[in-house]
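Colleague: If you scroll down you'll find the structure; I have some questions about it.
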Amino acid sequence: MSASDLAAVIVTIAAIASVTALVMVLVGLQRTLVDLREAARALVDEAVPAVAELRATLERADVDLERLDSVLDTAETLSSTVESASRVAQATVTNPAIKARAAASGLKGVVRGLAGRAAR
């Protein structure tokens, strides 16, 4: 066997080894792509219902927020009405009560004065 024959055998073995390694890499890449495709399908299968459920939840939350806004408006109106009624009640009760107390105090002074004169 000559040097050129030996070189040809070595190059052939190296080429076969390179092609074999390349085929192994391609087979691994193909398996990885299949796994990736399956993972993408699983993600879509899980994500679509989750997004639909999220959308429904957001719609229910929007309805609940509208109801809460209505309740808050009603509470605000009620609070304003109670505040107004409280002011009216205070004005209605406080002023006459103060006047009655002043009249009672004045009457008490008159009675004392009359009682003091009668005792003399």
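Colleague: Output needed: percent of Cα pairs per 5 Å distance bin for region 8-76, bins running from 0 to the one holding the longest distance.
Modeller: 4, 13, 8, 9, 7, 7, 7, 6, 6, 5, 5, 5, 4, 4, 3, 2, 2, 1, 1, 0
Colleague: Kindly provide the Kirkwood hydrodynamic radius of the chain in Å, to one decimal, from all pairs of distinct alpha carbon atoms. Before the final figure, lay out the partial values.
Modeller: On the way: mean 1/r = 0.0391 Å⁻¹.
Every distinct Cα pair counted, the radius reaches 25.6 Å.
Colleague: Among V48, A75, A61, flag the residue with its Cα farthest along the positive direction of the charge dipole of region 34-120, charges on Cβ as +1 for Lys/Arg and -1 for Asp/Glu.
Modeller: A75
Colleague: Here's another thing I want to ask about it. Please give the helix 3-119 orientation as an angle from the longest Cα principal axis of the chain, in degrees from 0 to 90, rounded to the nearest 10.
Modeller: The helix 3-119 is inclined about 0 degrees to the chain.
Colleague: Still on this structure: Go ahead and estimate [θ] at 222 nm for the chain from helices alone: -39,500 (n - 2.57) per DSSP H run with n ≥ 4, summed, over the residue count, rounded to 500. Write out the running numbers ahead of the final one.
Modeller: Numbers: 1 runs with 117 residues, N = 120.
Result for the chain, helices only: -37500 deg cm²/dmol.
Laboratory data are not the source of any read-out in this text; all were calculated from the coordinates shown. Every value quoted in this text rests on a predicted model; they were computed, and no experiment measured them. A quick note on method: Cβ atoms are made from the backbone with ideal geometry, for glycine too, and the neighbour counts reach across all protein chains shown.
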